[in-house]
Amino acid sequence: MNLVETHAHLDFDAFDGDRADVLDRARAAGVSAFVNVAIDLEQAAEATLALAEAHADVYAAVGIHPHGAGAWAGRVDQAVARLERLAAHPRVVALGEMGLDFYREYAPPEAQYEVFDAQLALAARMGLPVVIHCRAAYEQVLPRLEALPAERVLLHCFSGEEHAAACAERGYYIGVGGVLTYPGSEGLRRVVAAYPRDRVVLETDCPFLAPQPRRGRRNEPAYLVWVAEALGRVWGVTAEEAAAVTSRNAARFFGWEGSDGL
Ligand SMILES: [Zn+2]
């Protein structure tokens, strides 16, 4: 099975005790590439770039998570300058995760808008794809993506079931992970079944959202196998086929096609 992990947080301290083993278990399960996603411009970005430098199969995305937007509100110029320097690193394949979260709302909406818009403008200027975190905020995120169009858009941990048709029409990629395996996710499975197959990629969002057999415990990229099995059932294909299609999609999204990235 050839799997691509499009959204991991392997820099989190949940992996401090066994990070190398976690990577090796995933490789043994068929994961050929990992994108580690930073949630801030400080420790997470530094640790993410260090991981990508240490492992030829680990790539980096850098950005400011909406939960941390409050720290940069009112001085987004500084954030953008810093992000632009980080994004120039040769192992950075996307900007993110960035977006809006009105489910938790750890940062005030105005701060979230300001920091998200600034990152979208930078992505457009740099020609980089964007990894979007969107929770209870599709009605605010979608117009922003239209106003500040990025090269390519990936809606990570997709949950915008009522907005799926609009997202498909705009050619956005969606990331599916452990949630697809949960018994209560019938609505999501219906949406994924109808979504264009060349726009679906796999992710764990580890250490969060472990798939069904490990639900509630720490997630890790080796568990992508269960997500591929669930997607195969949704599509009516084998897990291997679902893995192959989503890996090709990931390569196209991150710009590895025609390179030696995979
Ligand atoms: Zn994430």
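Scanning region 105-123 for residues that are open to solvent by 30 Å² or more (accessible area, probe 1.4 Å) and touching a helix residue (DSSP H, G or I) at 6+ places or on another chain (Cβ under 7 Å) turns up Tyr106, Pro108, Glu114, Asp117. So, Arg252, is that one in a loop (DSSP other than H, G, I, E, B), more than 22 Å from His163 (Cα to Cα) and open to solvent by 10 Å² or more (accessible area, probe 1.4 Å) or not? So Arg252 fails the test.
Being open to solvent by 10 Å² or more (accessible area, probe 1.4 Å) and in contact (Cβ under 8 Å) with a residue 24 or more places away in the chain is not true of Leu231. Out of all the residues in region 89-124, which are in contact with a Gly (Cβ under 8 Å, 6 or more places away or on another chain) and either in a loop (DSSP other than H, G, I, E, B) or hydroxyl-bearing (Ser, Thr, Tyr) (or both)? Correct list: Tyr106, Ala107, Pro108. Yes or no: Tyr173 within 16 Å of the ligand (Cβ to nearest atom) and either aliphatic (A, V, I, L, M) or over 25 Å from Ala79 (Cα atoms) (or both)? Criteria met by Tyr173. Tell me whether region 6-18 contains one or more residues that are touching a residue at least 24 places away in the same chain (Cβ under 8 Å) and more than 16 Å from the ligand (Cβ to nearest atom). No; the residues of region 6-18 include none that is touching a residue at least 24 places away in the same chain (Cβ under 8 Å) and more than 16 Å from the ligand (Cβ to nearest atom). List the residue pairs whose Cβ atoms are under 6 Å apart, where the first residue sits in region 191-219 and is of a type in the set (Asp, Glu), the second is in a loop (DSSP other than H, G, I, E, B) and away from the ligand (no atom under 16 Å from the Cβ), and the two are 6 or more positions apart or on different chains. Every condition considered, no pair remains.
Is it fair to say Gly96 is loosely packed, with under 14 Cβ neighbours inside 10 Å and not hydrophobic (A, V, I, L, M, F, W, C)? Against the criterion (loosely packed, with under 14 Cβ neighbours inside 10 Å and not hydrophobic (A, V, I, L, M, F, W, C)), Gly96 does not qualify.
Within region 155-173, being small (Gly, Ala, Ser) and either touching a residue at least 60 places away in the same chain (Cβ under 8 Å) or in contact with a strand residue (DSSP E or B) (Cβ under 9 Å, 6 or more places away or on another chain) (or both) holds for Ser159, Gly160, Ala164, Ala168, Gly171. Out of all the residues in region 149-157, is one or more away from the ligand (no atom under 16 Å from the Cβ) and not charged (D, E, K, R)? Yes; the residues of region 149-157 include at least one that is away from the ligand (no atom under 16 Å from the Cβ) and not charged (D, E, K, R).
The values are calculated or read from the model by the stated rules, or taken from the named source; none is laboratory data. Note that the coordinates shown come from a computational prediction; the quantities given were computed from them, not determined experimentally. A quick note on method: Cβ atoms are made from the backbone with ideal geometry, for glycine too, and the neighbour counts reach across all protein chains shown. We work out accessible area using only protein heavy atoms, side chains counted, and drop any ligands, DNA or RNA first. Shrake-Rupley method; radii C 1.70, N 1.55, O 1.52, S 1.80 Å.
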